[in-house]
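Worksheet: one structure, shown below.
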């Protein structure tokens, strides 16, 4: 489900969002957001105030009312914009989920039923060209499947019974062969249904931090409500009449409408950003937790290393030229289609310009690797003779037996070389020709480019990385050192993983991990953030709280950043919103008191034109700032891995100090404009 | 030497002295607040401590969870309040009453009992004319000790909540109460009282001395009706009458022992009506300096205790620095305003050359009056050595503002620290979000429950002050007590309810608050401001103590240093102060501008 990245203000989203802004005025929806609910009640009171105001002030009160309604509508618009992006995606998904017919197996017979009628536990057959009707596990056969509908990836994937690649998703298409699938989903509870619900935000629940922030904002709103309500009697005492619209204007300017209006948009947009990276998060809570992660457990293969060992050096035995070793190694690998084999051919060509030759030209036959021999190589039949010339490469022990059986000796120097290579974390592959040991090929796990920088970044973010591998401690330690992970677990079993997660959690840390196999499922469920690979088993996908559709384990790092961004955006806009109050006080309070206490004029530091223009300017600023900040709310505050203190300083400067200064300028400008237009 | 320079020197001396006592007191608090802690007073107090537990039936080894702690504290305070109420009502038939003073009226007794139970020491009465020696020594002094100990106990409970992890209990209230009283308050007060006596403060049980005046004086005094309340005419103005005075009552009694705890425990209730401006209550510049220092001493030491307990001394010092910064700012503003004086007086040529001396003791002068006023309201002490009501508008703004911030600048003993920690929690919450992590305070996640408790404490402060003041300014009973109209009158009412809520006890004395209405409403304000604040704070402690501690990493920002300092000050000013700005604008701010324009109230 690759979504084309839409520009922020795509008309296809903006138009319905405008309509939704009005629909969201329903008080039953508004009441969920205390800040904006109070604003709406204020707008309603001010609207009534138009009719009770003195005729000379009616224009002013009417303008106030309009801008207060705008404040509410702008907040609704922000939320509708954020939802709109998800809705567009959901619509596309729905179109895809057509009324597929399923070929259900029933007592050995096949009958056709609508896919929506399938029950958990049913078995269905899919052949070339069929759309898989429901989520399930392959229980028979192997097939190539086009999952572009879900992942956006056009290259087909293999799905087969047993093992870690058995899960299939409803809505994907079988390209070749025949498979039998057991349905594992409840009716209407499939992957696609969940995805639609998620992107639509239908099941969106507030995240823990969002709840805490909402409490803070609601309490502030209540306090300011009290401040404004008690101002009325204080005014009576001071022989000053504060009209309801003016008090409402003060209230709306003081309560944190900026963050209150943008809060849910920030949450929805954060989920949307996760989705755009092709990750399905099961809840906002999971994304938020990703921002808190202290420890990342990463599988070595595929995440830290490319997954294949590569030849990096030839170490000839005493008395053997390196060139000869390379030639023998190349010969033994010519027909070896494993990545290791190909890498030996490539290295021989790079180092000694040895070109690949055709096997039949050499009159040789390839001896493939078997678990018994633990070697591969070639047998030569020069001129069809029986006198075999045999070249072998393989694990040290196997080759030693091979040489010694042939009557040769295994040189001490080669043995020493083998040990040294192992200590470096690389894999030694010994090459022999009949009874002569030629030398050792050094094979090495190749660490992905840029991964070290990535880990350094994580460290700056305060996140420790732990590499998990089945390798022996020696090899694991070497890779760990090269890739720059903070810690590693060698010879790790799934139980070890689970134990490690529990220990970290007991020490108060939040753990994230990626996994794909069925035996990863307990650990995925235990981790605070478990990202399952889409290529993985159904069990793994159920256990994790996120599914990566691209099956790229490195993406966990992106998710962590999105989680952090979501919190940062909320925190920064809260700070900005509260800091704005200072300027609004200086605009509104002198304006309210000017009539009774002209001496207070010096407090009008912005030198605003008149009391009405001052109040109006503050309210207009308060409304427009919501619109102005929608792009920031949707895109999120930029995250840089520079350490918490530096981020705090930066954001305090921009949103704290900026939040104090910006409204002074903004309100003054608006005052100049509305005075110029004779609006107040 | 010019007085400005003298002021600066004394100011520097004060701050240096404060720095020097902070660590020793903090270290001593660490021992006192540890049930197993050892002090050099153990030989004297250990047996007494054990005896006290035995008499009370307390098992000192059994700690309380937050609900048990709260219940014990509330129950103890209720009993203590009733005890004092009874003594005041019955003082005429109880011993140690050489002046033969009658029983205290019900509303005044309620007001006074709550006032001393809540560590407020708001005095609707004049001490020397109302209270017998027994009332002063037992009824009131008892609370001077235990209300201070209660405040310290609660601060310690909150600090334990922060420092411990994955636990349930936050200490034993009875143990904290007893240990603080025995090991901290009593010994320091004994020593302090002796020093005060050396300065000329009295300590005896003699009846008041009658002195014949050299020259009889004619004075105009407010007429008092038979209930002992100011008589008012049909318009509600006080009735004045001429009296010729030929002799004077000179107050006597056990003063030094009272004053020591009055300052150290940030109680502030004066032995005499003139409080620390009375020559016996504050005889010398040294006694003045020591009294001011003792007000901040425990509050300052508690910040060190905080740092030690949470194993982050820099955090303790940063909190201390925030308090000092706000303190210095307040002193400078008050001092400057008082030195600038009243432009109208200056124009008329009736002002003292060096500023506003109205309501100030000539012995102390402007700087020491401004300093004392700032200190007594930074803390919730409420002792005064000058009349805040007579300060210039901005000079009077400082004490009022200090109280409304919640008296978190060293504050009432214990109360200052837990009030400040509420702002720390809120600051950490907002800043934590800004760095992209679920906010953590010293490794503990700040979640919705904690935010709720912190905001509840702020909410109660604002509601208590604003709602009562707003009611008073538009009601007959509220306006009846006012001696000044206009914005100054508003400041007086605002000050009364701020002082009551904040458990300060000082007053803008222009308000005649000894009426049934004021006695009752202020009594309620004091109860709400004390106990409704404490419950959410102990709730916060109970929530924090259960949490796990996440080890600090590069992803968590440090709660010490310059950035945190700015963050905390910003949080205090933006979240704590903005609520009171409109009311303050109508009071002292408007008054200031009107005074500049030539109008007085």
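The values are calculated or read from the model by the stated rules, or taken from the named source; none is laboratory data. Quick caveat, the model's predicted, so the values are computed rather than measured. Quick reminder, even Gly has a Cβ in these numbers, built from the backbone with ideal geometry, and neighbours come from all protein chains shown.
Odds and ends about this structure:
- Qualifying position, being over 24 Å from residue B:292 (Cα atoms), more than 9 Å from chain A (Cβ to nearest Cβ) and modelled with pLDDT of 90 or more, among B:434, B:453: B:453
- Any hit, the range A:443-452, residues being touching a residue at least 12 places away in the same chain (Cβ under 8 Å) and either under 30 Å from residue B:550 (Cα atoms) or within 14 Å of another protein chain (Cβ to nearest Cβ) (or both): yes
- Checking residue A:645 against (1) part of a helix (DSSP H, G or I); (2) crowded, with 19+ Cβ neighbours inside 10 Å, the condition it does not meet: (2)
- Number of positions in the range A:576-604 that are assigned to a loop (DSSP other than H, G, I, E, B) and either within 47 Å of the chain's Cα centre (by Cα) or within 8 Å of chain B (Cβ to nearest Cβ) (or both): 2
- When the range A:555-570 is limited to residues that are surrounded by 24 or more Cβ atoms within 10 Å (Cβ to Cβ) and facing chain B (nearest Cβ under 7 Å), the one that is farthest from residue A:658 (Cα to Cα) turns out to be A:564.
- Residue A:46 falls short on exactly one of the conditions (1) touching a strand residue (DSSP E or B) at 6+ places or on another chain (Cβ under 6 Å); (2) surrounded by 15 or more Cβ atoms within 10 Å (Cβ to Cβ), and that condition is (1).
- Identity of the residue in the range A:518-537, surrounded by fewer than 22 Cβ atoms within 10 Å (Cβ to Cβ) and in contact (Cβ under 8 Å) with a residue 40 or more places away in the chain, that ends up nearest to residue A:507 (Cα to Cα): A:528
- Which listed residue is touching a helix residue (DSSP H, G or I) at 6+ places or on another chain (Cβ under 7 Å), buried (at least 21 other Cβ atoms within 10 Å of the Cβ) and at pLDDT 90 or above, from A:74, A:70: A:74
- Pairs where the first residue, in the range A:55-70, is assigned to a helix (DSSP H, G or I) and the second is at pLDDT 95 or above and surrounded by fewer than 21 Cβ atoms within 10 Å (Cβ to Cβ), C-beta under 7 Å, 6+ apart: A:65/A:47
- Taking the listed residues A:614, A:595, A:587, the one that is in contact (Cβ under 8 Å) with a residue 60 or more places away in the chain and either touching a strand residue (DSSP E or B) at 6+ places or on another chain (Cβ under 7 Å) or surrounded by 24 or more Cβ atoms within 10 Å (Cβ to Cβ) (or both) is A:587, with no other qualifying.
- Residue within the range B:505-512 that is more than 14 Å from chain A (Cβ to nearest Cβ), closer than 27 Å to residue B:158 by Cβ and in contact with a helix residue (DSSP H, G or I) (Cβ under 9 Å, 6 or more places away or on another chain) present: yes
- Where helices (runs of 4 or more DSSP H) fall entirely within the range B:309-424, those with at least 2 residues that are over 19 Å from residue B:155 (Cβ atoms) and touching a strand residue (DSSP E or B) at 6+ places or on another chain (Cβ under 8 Å) are at B:313-340, B:365-378.
Every residue, every condition in (1) within 30 Å of residue B:450 (Cβ to Cβ); (2) in contact (Cβ under 8 Å) with a residue 40 or more places away in the chain, yes or no:
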{"position": "B:101", "(1), (2)": "no, no"}
{"position": "B:121", "(1), (2)": "no, yes"}
{"position": "B:133", "(1), (2)": "no, yes"}
{"position": "B:139", "(1), (2)": "no, yes"}
{"position": "B:142", "(1), (2)": "no, yes"}
{"position": "B:152", "(1), (2)": "yes, yes"}
{"position": "B:181", "(1), (2)": "no, no"}
{"position": "B:185", "(1), (2)": "no, yes"}
{"position": "B:189", "(1), (2)": "no, yes"}
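Here's the yes/no breakdown for (1) under 22 Å from the mean Cα position of the chain (by Cα); (2) surrounded by fewer than 18 Cβ atoms within 10 Å (Cβ to Cβ):
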position: A:434; (1), (2): no, yes
position: A:448; (1), (2): yes, yes
position: A:457; (1), (2): yes, yes
position: A:509; (1), (2): yes, no
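- Applying the criterion of being out of contact with any strand residue (DSSP E or B) (no Cβ under 8 Å at 6 or more places or on another chain) and surrounded by fewer than 21 Cβ atoms within 10 Å (Cβ to Cβ) to the residues of the range A:134-161, the residue that is modelled with the lowest pLDDT is A:152.
- Conditions (1) within 14 Å of chain A (Cβ to nearest Cβ); (2) assigned to a helix (DSSP H, G or I); (3) in contact with a strand residue (DSSP E or B) (Cβ under 9 Å, 6 or more places away or on another chain); number of the one not met by residue B:550: (2)
- Against the conditions (1) at pLDDT 90 or above; (2) under 39 Å from the mean Cα position of the chain (by Cα); (3) farther than 21 Å from residue A:225 by Cβ, residue A:59 satisfies every one except (2).
- Helices (runs of 4 or more DSSP H) contained entirely in the range B:559-600, each with at least 1 residues that are closer than 20 Å to residue B:378 by Cβ, at the interface with another protein chain (Cβ under 8 Å from one of its Cβ atoms) and more than 22 Å from the chain's Cα centre (by Cα): B:561-571
- Meets criteria (buried (at least 23 other Cβ atoms within 10 Å of the Cβ), assigned to a helix (DSSP H, G or I) and either at the interface with chain A (Cβ under 7 Å from one of its Cβ atoms) or at pLDDT below 95 (or both)) for residue B:459: no
- When the test is whether a residue is part of a helix (DSSP H, G or I), crowded, with 22+ Cβ neighbours inside 10 Å and at pLDDT 95 or above, residue A:573 passes it.
- Unmet requirement for residue A:607, which otherwise passes all of (1) within 30 Å of residue B:569 (Cα to Cα); (2) away from every other protein chain (no Cβ under 13 Å); (3) crowded, with 19+ Cβ neighbours inside 10 Å: (3)
- Among the residues of the range A:474-516, those identified as in a helix (DSSP H, G or I) and within 14 Å of chain B (Cβ to nearest Cβ) are A:502, A:503, A:504, A:505, A:506.
- Checklist (1) more than 32 Å from the chain's Cα centre (by Cα); (2) modelled with pLDDT under 85; (3) assigned to a strand (DSSP E or B); (4) under 21 Å from residue B:101 (Cβ atoms) applied to residue B:210, failing item: (2)
- Test: residue B:29 is over 30 Å from residue B:367 (Cα atoms) and either under 23 Å from the mean Cα position of the chain (by Cα) or modelled with pLDDT of 95 or more (or both): yes
- Inclusion of residue A:236 among residues that are surrounded by fewer than 19 Cβ atoms within 10 Å (Cβ to Cβ), facing chain B (nearest Cβ under 7 Å) and over 23 Å from residue A:573 (Cβ atoms) is warranted.
- Any hit, the range B:364-371, residues being surrounded by 24 or more Cβ atoms within 10 Å (Cβ to Cβ), free of Cβ contacts under 8 Å to residues at least 60 places away in the same chain and more than 14 Å from chain A (Cβ to nearest Cβ): yes
- For the range B:165-192, the set of residues classified as within 26 Å of residue B:45 (Cβ to Cβ), in contact with a helix residue (DSSP H, G or I) (Cβ under 7 Å, 6 or more places away or on another chain) and surrounded by fewer than 21 Cβ atoms within 10 Å (Cβ to Cβ) consists of B:188 only.
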